[in-house]
1. Restricting attention to segment 287-298, and to residues there that are out of contact with any Phe, Trp or Tyr (no Cβ under 8 Å at 6 or more places or on another chain) and in a helix (DSSP H, G or I), which single residue is surrounded by the most Cβ atoms within 10 Å (Cβ to Cβ)?
2. Assuming residue 158 fulfils every condition listed in (1) at pLDDT below 95; (2) within 25 Å of the chain's Cα centre (by Cα) apart from one, which condition is it?
3. Over 26 Å from residue 14 (Cβ atoms) and either in contact with a strand residue (DSSP E or B) (Cβ under 7 Å, 6 or more places away or on another chain) or assigned to a strand (DSSP E or B) (or both): which single residue out of 301, 211 fits that description?
4. Please tell me if residue 258 is surrounded by fewer than 23 Cβ atoms within 10 Å (Cβ to Cβ) and in contact with a Lys or Arg (Cβ under 9 Å, 6 or more places away or on another chain).
5. Which one of these does residue 219 not meet: (1) within 18 Å of the chain's Cα centre (by Cα); (2) surrounded by 24 or more Cβ atoms within 10 Å (Cβ to Cβ); (3) at pLDDT 90 or above?
6. Restricting attention to segment 324-340, and to residues there that are in a helix (DSSP H, G or I) and modelled with pLDDT under 95, which single residue is nearest to residue 274 (Cα to Cα)?
7. Working only within segment 341-361, note down all residues that are assigned to a helix (DSSP H, G or I) and of a type in the set (Val, Ile, Thr).
8. So which of 283, 287, 276 is at positive phi and either modelled with pLDDT of 95 or more or outside the structural domain of residue 383 (by TED's automatic domain parsing) (or both)?
Amino acid sequence: MFRQHVTTQLSAFAHGELSHDDSQRIAAHLRDCERCRQAYEEIILGVRLAESLALRTAPAALWEKIESALPPPTSAASSATSSVASLSAGATSHHTAPLEPEHGWLPFALNHQLLAGAAAMLVITLGLGAWWFNGPSTRAAWEVARLSGAPTIDADRINATGQLGIGEWLETDEASRAKIKVADIGQVEIDPGTRVRLVETKASEHRLELARGRMHATIWAPPRLFFVDTPSAVAADLGCAYTLEVDERGRSLLHVTSGWVALETPVRESFVPAGGACLTEPGTGPGTPFFVDASETFRRALSRLDFEHGGAAESLDIILAESRTRDTLTLWHLLSRTDDAARRRVYERLAQLDAPPAGVTRDGALRLDQTMLDAWKDQLELSWWRE
Ligand SMILES: [Zn+2]
């Protein structure tokens, strides 16, 4: 399949510098392309690193030192400056043009003073990055609009609208509904009987906690900017719309209507595409994702396998027998959640429904080689998006 990768535009995308149409196009590409998604995650990591640096004003004397450290303008100096500029562009640094030996300039020809100057410039650039990310884009509160009834923020009733600050709880009773504007990246509708708290809002991360009840999120931001903490897993938005609900026992149900969501705990991750759903339970974390149009027999067997001990072999029999091509979503996740004989059976059924691509071997898949599993997933995704 032909793909026009978007790596060169990812930095601008992460910084919100692209037009709405370009952003949408790139978000769509990221949903489908593992390679660009990884590059994007590196960029976001760089943004977080910049955010974690303390912001200091550079002493005036530093500029003089930098100036005196720089040699008179020659071609060598301009190469050095441009490579520092590329480096300071963060995770896009691997696109830096290789040094050209024919110009007779090699990195180890740099003297210490020039290196010190370059390091100082890098620190300043990262500092400016931190200012940029913490500066104009930061918002301390989200707008809340009352849709019906009497929603409260930290126990105070709101009128037509209110402001949800960091740490504050928005609560709806059985007759209330509300809508939250998620910074400038999306919106969340809150159903009756729901409790949510704004945990964090900054350019690289917006986070809600859903303690109980149900919310519908529509997010048009780049992936991995919007998170929802639930008692049993974290829902990470990968550019999507979804419904998430939490019951009184802390179990949750995620149903994705467009794009992708990842449900995560420190030890487990479930990728849920549009049309898919996933249950989570405290102590167990996210179960295995499935398509909501899978047979009821299939879904019941999967729930037993994920959350009820005993009858595992019998449940797996049913899941394998009932699997359609699209249910490779479930089988692919099950590969790493089963052992020995069960994993071999999952592999056989998966390979029968959608044979592994070149480079993915049976042995590799069975020993859970991550590169091979990812390559297979890239192929399987084509059937997950259909219908
Ligand atoms: Zn790509």
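1. 297
2. It is condition (2) that residue 158 fails.
3. Values: 301 fails: either in contact with a strand residue (DSSP E or B) (Cβ under 7 Å, 6 or more places away or on another chain) or assigned to a strand (DSSP E or B) (or both).
Checking each option against the conditions leaves just 211.
4. no
5. Condition not satisfied by residue 219: (3).
6. Let us first name the residues in segment 324-340 that are in a helix (DSSP H, G or I), namely 325-335, 340.
After this cut, where a residue has to be modelled with pLDDT under 95 as well, the list is 325-326, 340.
Numbers: 325: 16, 326: 12, 340: 31 Å.
Applying the filter and picking the extreme gives 326.
7. Selection gives 346 alone.
8. 283 is the lone residue from the list that is at positive phi and either modelled with pLDDT of 95 or more or outside the structural domain of residue 383 (by TED's automatic domain parsing) (or both).
The values are calculated or read from the model by the stated rules, or taken from the named source; none is laboratory data. Bear in mind that the values here come from a model prediction, so they are computed numbers and not experimental data. Glycine gets a Cβ as well: all are built from the backbone with ideal geometry, and neighbour counts include every protein chain shown.
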